1. Got a sec to turn the phi values of the range 152-159 into Karplus ³J(HN,Hα) couplings, 6.51 cos²θ - 1.76 cosθ + 1.60 with θ = phi - 60°, whole Hz, x for Gly and Pro?
2. Go ahead and run the numbers for FRET between residue 194 and residue 224, Cβ-Cβ distance against an R0 of 22 Å, rounding to 0.05.
3. Provide the per-residue ³J(HN,Hα) series for the range 62-76, in order, calculated from phi with Karplus coefficients 6.51, -1.76, 1.60 and θ = phi - 60°, each as a whole number of Hz, with x at glycine and proline positions.
4. Could you pull the accessible area for residue 217 with a 1.4 Å probe, rounded to 10 Å²?
5. What does the extension gain come out to for residue 245 and residue 257, with contour length at 0.36 nm per residue minus their alpha carbon separation?
6. So if we plug the beta-carbon distance of residue 137 and residue 175 into 1/(1 + (r/R0)^6) with R0 = 51 Å, what FRET efficiency do we get, rounded to 0.05?
7. Quick one: what does P(r) look like for the range 97-234 with 10 Å bins over all Cα pairs, in whole %?
8. Going by accessible area, probe 1.4 Å, with all protein chains left in place, what is the ranking of 191, 227, 60, largest first?
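The values are calculated or read from the model by the stated rules, or taken from the named source; none is laboratory data. Here the structure is a predicted model, which is why all the values come from computation and not from measurement. Positions of Cβ are backbone-derived with ideal geometry, glycine not excepted, and every protein chain shown enters the neighbour counts. For accessibility, only protein heavy atoms count, side chains too; no ligands or nucleic acids. Shrake-Rupley method; radii C 1.70, N 1.55, O 1.52, S 1.80 Å.
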Amino acid sequence: MTRVQQKRQYAFVIRQLTAREVKRKYARSYLGVIWSVLNPLLSMAVLSLIFSQLFKRSIENYPIYYLTGYILWQAFTGATTSAMTALADNKALLLRVKFPMGIFILSRAYTALINLAYSLIAYAVMLMVFRIPIKWSVLAAPLIILCLFLFSLGLSYILATAYVFFADIKHLYTVALTLWMYCSAIFYPAEQLNGPIRLVIQINPIYLYISCLRSVVLNGTLFTGTELLRMLLWGILACAAGCFIFNRNKNRIMQRI
């Protein structure tokens, strides 16, 4: 088999695994993938009722401000938490077929990207409802999403590797995500904070992606060159580190599984 044919075969497998994950997620749901559209809207409605008055003076169009952060956060957590157990969940396939193990992790991250695409439908509708003008700067949004995907994929490789040898990482990561969420300024303005916590938020890669998306959509301004460099570095370095750790431990993973 030529390398081109092999890549086509792997791409087909990823599409099939992704379709399986989407179907399994909504298998017992009447609305199916529509929940990917409804979930961010319902969450936005609840948080807006609670915090709109609190941040009315400091944040214009608070529902969209929150929704922007929420859909990126959901994409990140959806990719990493599902990819963490990808190898263990597909143990039977790993032992029967000779596809690269990384395909199973990649398919989980790709599924989260597909779910993000559905959420962006709801996002676009809300932009029209709140009469947010769509400016040319929004064309930079796919670059932000790509950087987020690379960062999520890299962390997914690390978590999936760790989970094979230490299953408790799943529970530890859940706790870490709670702290990480509050340090990502999803529903409050980071500008109102001072001291060490402000520094923690500023170096947080998820906050960087959220902040840049808010700039291109809500403010109609492009991110700076420094912000672009940081986004790319976080994505590329995380992906490189994840692939290195995963490839370094592939033989041990197969022995452990």
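1. In residue order, the calculated couplings are 5, 5, x, 5, 4, 4, 5, 5 Hz.
2. Details: r = 22 Å, r/R0 = 1.01.
Approximately 0.50, to the nearest 0.05.
3. My calculation for the range 62-76 gives 4, x, 6, 4, 5, 4, 4, x, 5, 5, 6, 5, 5, 5, 5 Hz in order.
4. Taking all protein chains as shown, residue 217 has close to 10 Å².
5. So the extension gain works out to 2.6 nm.
6. Once the sixth-power term is evaluated, E becomes 0.90.
7. Cα pair-distance distribution for the range 97-234, in percent: 10, 32, 37, 17, 4, 0.
8. Values: 191 115, 227 50, 60 150 Å².
Largest accessible area first, the residues go 60, 191, 227.
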